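All remarks here apply to the structure that follows.
The values are calculated or read from the model by the stated rules, or taken from the named source; none is laboratory data. Keep in mind it's a predicted model, so treat the numbers as computed, not measured. Quick reminder, even Gly has a Cβ in these numbers, built from the backbone with ideal geometry, and neighbours come from all protein chains shown.
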Amino acid sequence: MSPARRRAAGLVALALVLAVSCTFLGRWQWHRHEARSAAVAVVERNWRADPVPLDAVLRPGRALTPAQEWRRVTVTGTYDGASPVLLRNRPVDGTPAYHVVAPFREDGTGAVLLVDRGWVRASTGAVAAPASPAGPVTLTVRLRPLEPASGRAAPAGQVQAIALDEVLAAAGTGTTGAGGGTPAYAAFGSRVQETPAAAGTPADLPPPDTDLGSHLSYAFQWWVFAAGALVAFGVLARRELLEERVLLAEHAEAGDEPLP
């Protein structure tokens with residue numbers, strides 16, 4: 001094989017490698033776009049849906065499905081008498097903040113539901129969690145999946161994640177779980193409304209971001225790069241072969257020895 005043909009073959013091989021790589025990167029961005037679109041569709045469907053009783057959506061111990069996330073439900077019971085817990089490192093719209101999380105016991109079943117009651121501004125000094133309402137309360141909350149236990153240390157009365165046992169331990173109510181005698185929901189509720197309303201209620205949590213992001217445009221960019229690699233390196237490979245052909249023709253006309 002002549003040097004020109006070897007260079008042309010190398011350019012074609014490089015074009016194929018780049019095109020395949022860019023194609024797969026585009027598919028990856030496309031799948032991220034689809035996943036984001038599905039998550040946004042769940043928010044838009046459930047965010048303003050009429051609230052239903054909690055037991056119509058979820059039972060203690062059962063995992064929350066992705067389609068149930070953000071569903072508005074109502075539940076009646078009492079906040080646990082223990083102190084509310086501060087969830088650390090959860091800024092709100094760029095503002096340093098703590099979330100206020102409290103255990104709530106459902107009437108009838110006695111099952112524990114963790115409730116994110118809202119947020120308070122973080123400060124350099126000690127931050128006191130607003131007290132939960134006393135007595136019977138009817139809650140409207142949006143359901144969210146519990147977070148994995150963080151395992152990271154936190155000051156007394158604070159946690160790094162909304163994980164059931166970590167919050168209950170920080171609140172001073174012990175722990176509950178698969179082996180415990182107290183039933184608990186494998187989800188938490190983000191407060192929408194408390195009746196009766198309590199004085200000093202934490203600030204409302206903002207709605208989730210429903211921006212689809214740039215994944216779709218990135219996907220098309222990668223696919224354009226794939227096509228561009230094939231065209232650009234294909235042109236270079238063709239140029240190598242054409243230049244070799246011209247050089248061979250010139251040598252033949254001059255009666256020179258054939259090129260290797």
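I'd like to know if region 170-184 contains one or more residues that are assigned to a helix (DSSP H, G or I) and modelled with pLDDT under 90. Show your work before the answer.
Taking region 170-184 as the starting set, the residues that turn out to be assigned to a helix (DSSP H, G or I) are 170-171.
Those still in the list that are modelled with pLDDT under 90 too: 170-171.
Checked region 170-184: at least one residue is assigned to a helix (DSSP H, G or I) and modelled with pLDDT under 90.
Number of residues in region 200-239 that are aliphatic (A, V, I, L, M) and within 22 Å of THR74 (Cβ to Cβ) equals 2. Consider ALA187 carefully, then state whether it is touching a Lys or Arg at 6+ places or on another chain (Cβ under 7 Å), surrounded by 15 or more Cβ atoms within 10 Å (Cβ to Cβ) and in a loop (DSSP other than H, G, I, E, B). No: the conditions fail for ALA187.
Scanning region 195-220 for residues that are loosely packed, with under 14 Cβ neighbours inside 10 Å, part of a helix (DSSP H, G or I) and not hydrophobic (A, V, I, L, M, F, W, C) yields one hit, SER217.
Among residues of region 7-27 that are assigned by TED's automatic domain parsing to the domain that holds LEU230, those with a Cβ under 8 angstrom from a residue that is of a type in the set (Asp, Glu) and in a helix (DSSP H, G or I), sequence gap 6+ or separate chain, pair up as ARG7/GLU240; ALA8/GLU240; LEU11/GLU240.
Residues are listed down the side, and each one gets a yes or a no for (1) of a type outside the set (S, T, N, Q); (2) surrounded by fewer than 12 Cβ atoms within 10 Å (Cβ to Cβ); (3) closer than 30 Å to HIS33 by Cβ:
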position	(1), (2), (3)
SER150	no, no, yes
ILE162	yes, no, yes
THR173	no, no, no
TRP222	yes, no, yes
LEU230	yes, no, yes
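Consider ASP107 carefully, then state whether it is over 25 Å from TRP47 (Cβ atoms) and in contact with a helix residue (DSSP H, G or I) (Cβ under 7 Å, 6 or more places away or on another chain). No: the conditions fail for ASP107. Kindly evaluate LEU87 against the criterion of being modelled with pLDDT of 90 or more, out of contact with any Leu (no Cβ under 6 Å at 6 or more places or on another chain) and farther than 30 Å from THR210 by Cα. No, not satisfied. Among the residues of region 72-88, those that are closer than 17 Å to ILE162 by Cβ and assigned to a loop (DSSP other than H, G, I, E, B) comprise ASP80, ALA82, SER83, PRO84, ARG88. For region 90-159, the strands (runs of 3 or more DSSP E) that sit wholly inside it and include 1 or more residues that are polar (S, T, N, Q) are 136-145. In region 140-154, the residues that are under 30 Å from ALA198 (Cα atoms) reach residues that are of a type in the set (Phe, Trp, Tyr) with C-beta atoms within less than 6 angstrom, at least six apart or across chains, in these pairs: ARG142/TRP70; ARG144/PHE188; LEU146/PHE188.
Determine whether region 101-109 contains at least one residue that is among the acidic types (Asp, Glu) and surrounded by 18 or more Cβ atoms within 10 Å (Cβ to Cβ).
Looking only at region 101-109, we keep the residues that are among the acidic types (Asp, Glu), and these are 106-107.
Subset that is surrounded by 18 or more Cβ atoms within 10 Å (Cβ to Cβ): 106.
Yes - at least one qualifying residue is present in region 101-109.
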